[in-house]
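Below is one structure, written out as structure tokens, with a few remarks after it.
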């Protein structure tokens, strides 16, 4: 049996790199307009960061924020599986 493929690791995102990302590369819009250079929460500029945004939102976000993160990730990466965990059928 072959070993499963490892996902490509996203390059490290520095503070300067995060500030240089356009607002469209974040799953949630900026909620702190007073912070200079802040454009949003949960960067989704790479598939790896999009998966991480889904994971972190599932742990830390409100239900409305989770829905927004899932919607934005699935819009940017239509081939990525985005599940709605925690919902009862």
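Just so you know, all these numbers are worked out from the coordinates, no wet-lab data involved. Because the structure is a prediction, the values reported are computed rather than measured. Positions of Cβ are backbone-derived with ideal geometry, glycine not excepted, and every protein chain shown enters the neighbour counts.
Miscellaneous remarks
- Among 61-68, 77-84, sorting by the average number of other beta carbon atoms lying within 10 angstrom of each residue, highest first, gives 61-68, 77-84.
- Counted residue by residue at 0.36 nm each, then reduced by the alpha carbon distance between them, the extension gain from residue 24 to residue 38 reaches 3.8 nm.
- Bins of 5 Å, starting at 0 and running to the largest distance - Cα pair percent for the range 40-79: 6, 28, 40, 20, 6
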